[in-house]
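In what follows, a single structure is set out as structure tokens and then discussed.
The values are calculated or read from the model by the stated rules, or taken from the named source; none is laboratory data. Since we're looking at a predicted model, the values are computed, not measured. Positions of Cβ are backbone-derived with ideal geometry, glycine not excepted, and every protein chain shown enters the neighbour counts.
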Amino acid sequence: MDKKPEILITGAAGALAQQVIARLRSQFRIVAVDFREQVYLGEDTSSYRIDIVKRDFEDIFRRHRIQGVIHLGRLMTSEDNRMRRYNANVLGTQRLLDLCNKYQVSKVVILSTFHVYGANAYNPVPLNESAPLKAAGLTMDLVDSVELENLANIYLWKYPNLNIHILRPCNIVGPGVRNTMSTLLSSKYSPVLTGFSPMMQFIHIEDMADALELAFLKNHPGIYNVAIDDWVAYQEALVACGCIRVPLPSIPPVVPKLLSRVLGLRSFPPFLVNYFKYPVILDTRLFTETFGFQPKKTLSDIFRYYAEQK
């Protein structure tokens, strides 16, 4: 009988979760959960297709002795409508944390995003973890992301037994990543806003998986920015990836439609437009010093991957 401790990983169908599972499965018995599909990960892994807001989600905690949770199942802002995202990201996370407390889970890692800081011309450079989360005041599309963080913060201090770790990564890119930034870097023609080329940070999916593994294995609860300690102007990144830049006018109501047309997307999240105007650069010292994090992939490695795909 397998005596390894059991940990639950949400969003298990995603590329990042797959990387994290590969790193941890030798030490832990994985319980994989995703609302999109049931992922087959071998006979030694329990896998469920279930929405964490559903009542029968608690059955997983009854069936397994969950000792840790890595919550990667956050709906992205490009997915579904605003109410669906709020229910999944905020109410779903609250339910997950309540069950963690009820069933005496001893460690929780939550994947957040650097978008919670908001993009505006007055952001200090770099932003440390104590900087205010301005995103909700700038756009309704990020209310759920900020409220998820506020909720996790409350549980972090209210229930220290959960040992909650909240990670705020920069743009996650690389093989298998299907977010908007990865789409831009992989496209032959990539739009740019005329007159803007903000500094940006990127982190390779393998390094982000390493960061999540470190946060889970080393018990230092708190809030952490995660990024490579390097940055580059957005338009320079596109050139390095072999993209042909397509200048677009920065007229707010028109930009998202133009971007989606150029990229061949069904829609382009309007809130992202500001992130292509103003820099959001993270101070990474706290995570680096606390966990000894040393990214293996440089910006050159990241851009070379995308250039080779063209």
Task: Selection count, the range 282-304, where residues are touching a Leu at 6+ places or on another chain (Cβ under 9 Å), under 22 Å from Glu206 (Cβ atoms) and not in a helix (DSSP H, G or I) - done: 3
TODO: Could you list all residues from the range 28-62 that are at pLDDT 95 or above, surrounded by fewer than 16 Cβ atoms within 10 Å (Cβ to Cβ) and over 25 Å from Asp144 (Cβ atoms)?
DONE: Asp59, Arg62
Open item on the list: Restricting to the range 217-230, and then to whatever is part of a strand (DSSP E or B) and of a type in the set (Val, Ile, Thr), can you tell me which residue is surrounded by the fewest Cβ atoms within 10 Å (Cβ to Cβ)?
Closed with: Ile223
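Rundown of residues vs (1) assigned to a loop (DSSP other than H, G, I, E, B); (2) of a type in the set (D, E, K, R); (3) under 13 Å from the mean Cα position of the chain (by Cα), yes/no style:
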{"residue": "Pro132", "(1), (2), (3)": "yes, no, no"}
{"residue": "Ala136", "(1), (2), (3)": "no, no, no"}
{"residue": "Ala152", "(1), (2), (3)": "no, no, no"}
{"residue": "Leu156", "(1), (2), (3)": "no, no, no"}
{"residue": "Asn161", "(1), (2), (3)": "no, no, no"}
{"residue": "Gly176", "(1), (2), (3)": "yes, no, no"}
{"residue": "Met181", "(1), (2), (3)": "no, no, yes"}
{"residue": "Pro191", "(1), (2), (3)": "no, no, no"}
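Residues checked against (1) surrounded by 16 or more Cβ atoms within 10 Å (Cβ to Cβ); (2) in contact (Cβ under 8 Å) with a residue 60 or more places away in the chain; (3) aliphatic (A, V, I, L, M):
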{"site": "Glu147", "(1), (2), (3)": "yes, yes, no"}
{"site": "Lys158", "(1), (2), (3)": "no, no, no"}
{"site": "Pro169", "(1), (2), (3)": "yes, no, no"}
{"site": "Pro175", "(1), (2), (3)": "no, yes, no"}
{"site": "Val192", "(1), (2), (3)": "yes, yes, yes"}
{"site": "Gln201", "(1), (2), (3)": "yes, yes, no"}
{"site": "Ala215", "(1), (2), (3)": "yes, yes, yes"}
{"site": "Ala233", "(1), (2), (3)": "no, no, yes"}
- [ ] Residue by residue through the range 31-68, note down the ones that are in a strand (DSSP E or B) and among the hydrophobic types (A, V, I, L, M, F, W, C).
- [x] Val31, Ala32, Val33, Ile66
Task: Hey, Phe293 aromatic (Phe, Trp, Tyr), closer than 30 Å to Asn163 by Cα and modelled with pLDDT of 95 or more or not - done: yes
Open item on the list: Looking at the range 248-261, can you tell me whether even one residue there is at pLDDT 95 or above and either within 30 Å of Val105 (Cβ to Cβ) or of a type in the set (Val, Ile, Thr) (or both)?
Closed with: no
- [ ] Scan (1) under 21 Å from the mean Cα position of the chain (by Cα); (2) crowded, with 19+ Cβ neighbours inside 10 Å; (3) in a loop (DSSP other than H, G, I, E, B) for the single condition Val105 breaks and write down its number.
- [x] (1)
